[in-house]
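Working notes, beginning with the structure itself.
Bear in mind that the values in this text are calculations on the coordinates, not laboratory data. Keep in mind that this is a model prediction, so the values were computed, not measured. Ideal geometry is used to build each Cβ from the backbone, glycine not excepted, and the neighbour counts take in all protein chains shown.
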Amino acid sequence: MKGEDTLAVLPTGGGKTLCYDLPSRMLQGLTVVVSPLVSLMQDQVTQLQSQGRRRVESLTGQLSFQEKKDILYRLPQLNMLFLSPEMLQSERIKERLKQLTISLFVVDEAHCISQWGHEFRPDYKSLAGVIEELHRPVVLALTATATPQVEADIKELLKLNHPFIYRRSVNRRNIFLEAVKVENREEKWERLEREMEALPKPMIIYTGTRKEAEEAAAKAGRNFSAACYHAGMSPEERRAVQLQFVEGSVSVLAATNAFGMGINKKDIRSVVHLYLPPSLEQYVQETGRAGRDGSDSIAVLLAGPEEERLQMHLIQSALPEKSDLFRYMLPVFQQQIDFPHETLPFPEVVNRTAEHHFEQSGLLKNGRFQRVPEREDIDRLGSIYEARRRIKLRQFEKMLSFYTDTECLRKQILRYFQEEAEAQQNCCSVCGLRPEIASSQLFFSNEETGWENRLIQLFYPERRHEIT
Amino acid sequence: MDRLLLHIFMHMNGQRSISGPVHILKGKRSSQTIQDIHLFRLHKWAGLLRHTSYGTLWEQAQRLRDQGFIEPISSTVDSVTQSGLDAESVSRKVFENVRLSGWKYEWEGHTDDCWRTLNLLIQTASHLKAGRKQFIPVYADTTAKQNVRSLFREASAEQIAEGLYEWLYRELLKRSRSDAELFTDSLSGPDRSGKTLGQMTSSGEVPFHTWLRFRSILHDLIESGGPESPECLNTLFKQWKQKKELTRSAEKTRELFMAGYDLQQIAAERRLKVSTIEDHFVEMAASDPEFPVDVYAAAELQREILQAASTSGGRLRDIRERIGEKADYFQIRLVLSSRTGKGGTAYL
Ligand SMILES: [Zn+2]
């Protein structure tokens, strides 16, 4: 990278952080990284800090006032700052950033700027303006998946300047793809039990619900060291399970899609889907967590009518109908002076879309209503959700035809991303039989028994051979 | 968890509804709840479930109703049924036997601070002693990270490990073997990372009871802080052992406020100037998101004050000039401090 805007499409996240970590260390000044995923951002910061990088911090809405103040105070000493996009709406933060030299502005998950992307963050649309305000540093846009349409949106909406485009293929040749259509729940779970025995480990089982993740972990736990991971667990538990999976003491992990991003584990051998992801983009990302070491791996999708109904329901209910808005949003708005994030019964994405829309239309300024919202305001907002829902449904249709069609699975994926397909050995369940794939070397621990020994092992690890 | 609600409820002499124990466990900062804690001597449980959502807590309360363990007498009073009495007696021993100090160590989150700091500190010391400088840390919030960072500035990994080892060995020796193992299994080192409570629940034990035992160990560890604990942790223990939110004098004002006194009455009672008590109120509003600012400034007035503040750079006199007679300095300060204290982005 030499001082020009860049758009990098890196399907499997591998080395994504490296893309800006390296330049940030060589460049003078601050590297700003905008990312929509607060938990992922904290993971990245933690990972960098664990590699001895102390001048890295993240600024998110989850921090307390004092914590934010401390970080802003330390700003001139930092060389990398992670931000959630809403932080860039704060004048105070922008003011502080303007006083510094920003050498690189990284937009992570850049597909979020496009309404055609599988995830859409309306506040990403203000980024071009912010970049301008910050004396237009060089921009690096990163995404794991981008269809040509999304790619065009990123270039245009971020106002990239004749960007250098780096694109790695979505094709992961070392992952054998398999799709199995099941008739019902019973068949799915019966098949899963067989696959748990048959498929190589370490293994991720992606489920559609938290309850399913817990069930799958319990089933796997009979024969393997297994754990589950979902957003209903405390951050503490989630990190503990993550550590166990990465070190290998857990070999089967049943998780909702809350798991995976920012996780750096190279030897995952199999990924099983017990649910239908809402889009091919997401499917490709989740299966792509297998085989990052380049060794043979396998992805198996087990789904049927019940999974179709579940995802359809999720898509339908993720965004509110106009009637919901009139019922729940309007009355709250009419009593509040601030945009009431906490009191709305909608997911954060929905609230943020509304907030962004009202900021754009001038109804909201710095999070405060300028006048009392009326029915027409809500009606216009409702139309935005409706359009978004239609796009989501179209994306899901692609996923449906993907797993029911009799065409090569790999070919379908590549066509979706408008890449050329090449025939290969061990391609997919349409083209041929599942190959034999060995498990990675599994974790072995010479575990001490008794708390007294464990304490010695923890505090005097150098003495470990003396006690056995 | 619903059994604990029932157990606490039994101590409230049939004078409250089931929402009483819900608020106590959640640590609600209201005069009613604080009074109840003192009146019914429920310090042990105060704030213990501050991380459990109200949604979950109300669900548990509803379960008690659904099972017929409690029934409403009026809108503000529930009573325990015979089957409720029987159910309570089943787990009473567990709840009575576990030693907890919620009011001292949970109410303001000191136990979390302590656990997260210790967990990260031990993991870091252990890795460093094994010669490993890079590792994925256990979960820790900013406070815990800062604590650990500054501890390693003052002492070496060797010193920290030695101090921790001797202290923990001594403390764990005082407990049952299963308690001691519960604690050590949750710790992370280079050879193996810690287990979650769910993974450590011994067969036959209710997971929630395991969790209570774990909190009990942590409370006792904080309690043991003092001359016997590692020197490097002294400052932290001092913090964890004291209520830190307000100055001592403001704390007294808050107690009176919670007991139902108004501003004038507190000033009279404490023989202090009204302006001093106003200062305390401002302090309270800044530290307590639940502080009822609306009582002193209506929503409309709050809006005006905030708008004036955003256009005048936050200087009190300028705001006052813009607002005119509608608000006095006390109201303005109160509104502003309640805003900034919450850490809203609007003022950052
Ligand atoms: Zn194929």
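Listed highest first by mean packing, meaning other Cβ atoms within 10 Å per residue, what order do B:2-11, B:267-276 come in?
B:2-11, B:267-276
Distance in nm between label sites at A:Glu462 and A:Asp405, each 7 Å beyond Cα in the beta-carbon direction?
According to this spin-label approximation, the distance is 6.2 nm.
What is the extension gain from A:Leu18 to A:Ser317, computed as 0.36 nm multiplied by their sequence separation minus the C-alpha to C-alpha distance, in nm to one decimal?
Contour length minus the Cα-Cα distance gives 103.9 nm.
Please find, in a Gaussian network model of chain B (springs between Cα atoms separated by less than 10 Å), the residue of B:Ala297, B:Ala125, B:Ala285 whose mean-square fluctuation is greatest.
B:Ala297
Testing the spin-label approximation: label points 7 Å from Cα along Cα→Cβ at B:Tyr329 and A:Glu156. State their distance in nm.
Between B:Tyr329 and A:Glu156, the simple spin-label model gives 5.7 nm.
Mind giving me the FRET efficiency for A:Gln334 and B:Gln146? R0 is 35 Å, r the Cβ-Cβ distance, nearest 0.05 is fine.
Computed FRET efficiency for A:Gln334 and B:Gln146 comes out at 0.25.
Take the cross-link list B:Lys28/B:Lys252; A:Lys265/B:Lys129; A:Lys211/A:Lys392; A:Lys94/A:Lys159; B:Lys28/B:Lys238; A:Lys94/A:Lys322 and give me the ones stretching past 27 Å between alpha-carbons.
The answer is A:Lys94/A:Lys322.
Please report the net charge: other residues with Cβ closer than 14 Å to the Cβ of A:Phe369, K and R +1, D and E -1.
-3
For peptide B:125-136, compute the average count of partner chain beta-carbon atoms within 10 Å of each residue's beta-carbon.
So the per-residue partner count for this stretch is 4.
Can you give the FRET efficiency for B:Ala299 and B:Asp262, using 1/(1 + (r/R0)^6), R0 = 22 Å, r = Cβ-Cβ distance, to the nearest 0.05?
For B:Ala299 and B:Asp262, the calculated efficiency is 0.60.
Taking each residue of A:62-71 in turn, how many C-beta atoms of other protein chains fall within 10 Å of its C-beta, and what is the average?
Across the residues of A:62-71, the mean count of other-chain Cβ atoms within 10 Å is 4.
Just name one of A:Ala217, A:Ser251, A:Leu100: the one whose Cα is farthest towards the positive end of the charge dipole of chain A (beta-carbon charges, Lys/Arg +1, Asp/Glu -1).
Of the options given, the answer is A:Leu100.
Let me have the relative contact order for region B:248-341, percent, based on Cα pairs under 8 Å that are six or more residues apart.
Averaging sequence separation for qualifying contacts and normalising by length gives 30 percent for region B:248-341.
Would you mind putting A:29-36, B:89-96, A:220-227, A:158-165 in packing order, based on average other-beta-carbon counts within 10 Å, highest first?
Averaged packing, sorted descending, gives the order A:29-36, A:220-227, A:158-165, B:89-96.
Top mean-square fluctuation among B:Glu158, B:Glu325, B:Glu106, Gaussian network model of chain B, C-alpha springs under 10 Å?
B:Glu325
Between B:His51 and B:Val206, what length in nm is gained on full extension when 0.36 nm per residue of separation is reduced by their alpha carbon distance?
Extra length from B:His51 to B:Val206 when fully extended: 53.9 nm.
Please state the relative contact order of region A:6-167 as a whole percent: Cα pairs under 8 Å, 6+ residues apart?
34
Could you tally the net charge around A:Arg55, taking each other residue with its Cβ under 15 Å from the Cβ of A:Arg55, Lys/Arg +1 and Asp/Glu -1?
Overall, the nearby charge balance is +3.
Given the Cα-Cα distance of A:Glu436 and A:Tyr73 and 0.36 nm per residue of separation, how much length would full extension add, in nm?
So the extension gain works out to 125.1 nm.
Give me the net charge for the shell around B:Val80: Cβ to Cβ below 11 angstrom, other residues only, Lys and Arg +1, Asp and Glu -1.
-4
In whole angstrom, how far apart do the alpha carbon centroids of region B:43-66 and region A:198-245 sit?
With region B:43-66 and region A:198-245 each reduced to a Cα centre, they are spaced 27 Å.
Once you have a ≥ b ≥ c as the square roots of the Cα gyration tensor eigenvalues for chain B, tell me rounded if a/c is under 1.5, and otherwise prolate or oblate according to whether a/b is larger than b/c.
It comes out oblate by the Cα gyration axes.
Which values, in whole Å and largest first, are the semi-axes of the equivalent ellipsoid of chain A obtained as the square root of 5 times each eigenvalue of the Cα gyration tensor?
Computed over chain A, the values are 37, 30, 24 Å.
Rounded if a/c is under 1.5, else prolate if a/b is larger than b/c, else oblate: which is region B:2-100, with a ≥ b ≥ c the root eigenvalues of its Cα gyration tensor?
Here region B:2-100 falls in the rounded category.
Residues of region A:165-180 with amide nitrogen under 20 Å from the 7 Å Cα-to-Cβ point of A:Gln418?
Within reach of a label on A:Gln418, which here means backbone N under 20 Å from a point 7 Å along Cα→Cβ, region A:165-180 contributes A:165-172.
With 10 angstrom as the radius, rank A:Thr343, A:Thr46 by how many other C-beta atoms surround their C-beta, starting from the fewest.
Taking fewest neighbouring Cβ atoms as first place, the list is A:Thr343, A:Thr46.
Rounded to the nearest 20 Debye, what is the dipole magnitude of region B:149-248 about its Cα centre when Lys and Arg each give +1 and Asp and Glu each give -1 at the C-beta?
Value, rounded to 20: 460 debye.
For the pair B:Ser75 and A:Glu376, how long in nm is the line joining their label points, each one 7 Å along Cα→Cβ?
It is 4.0 nm.
Give the percent of DSSP beta bridges with both residues in the protein assembly as shown that are antiparallel, rounded to the nearest 5.
For the protein assembly as shown, the DSSP antiparallel bridge percentage is about 10.
Please check: in the Gaussian network model of chain B (C-alpha springs, under 10 Å), which one of B:Ile266, B:Ile332, B:Ile136 has the largest mean-square fluctuation.
Comparing B:Ile266, B:Ile332, B:Ile136 in a Gaussian network model of chain B, the most mobile one is B:Ile136.
Sort A:83-93, A:202-212 by the packing proxy (mean of other Cβ within 10 Å over each peptide's residues), most packed first.
A:202-212, A:83-93
Within 10 Å of each Cβ in peptide A:244-256, how many partner chain Cβ atoms are there on average? Round it to a whole number, please.
2
Taking a ≥ b ≥ c as the square roots of the Cα gyration tensor eigenvalues, with a/c under 1.5 meaning rounded and otherwise prolate when a/b beats b/c, else oblate, which class fits region A:1-151?
rounded
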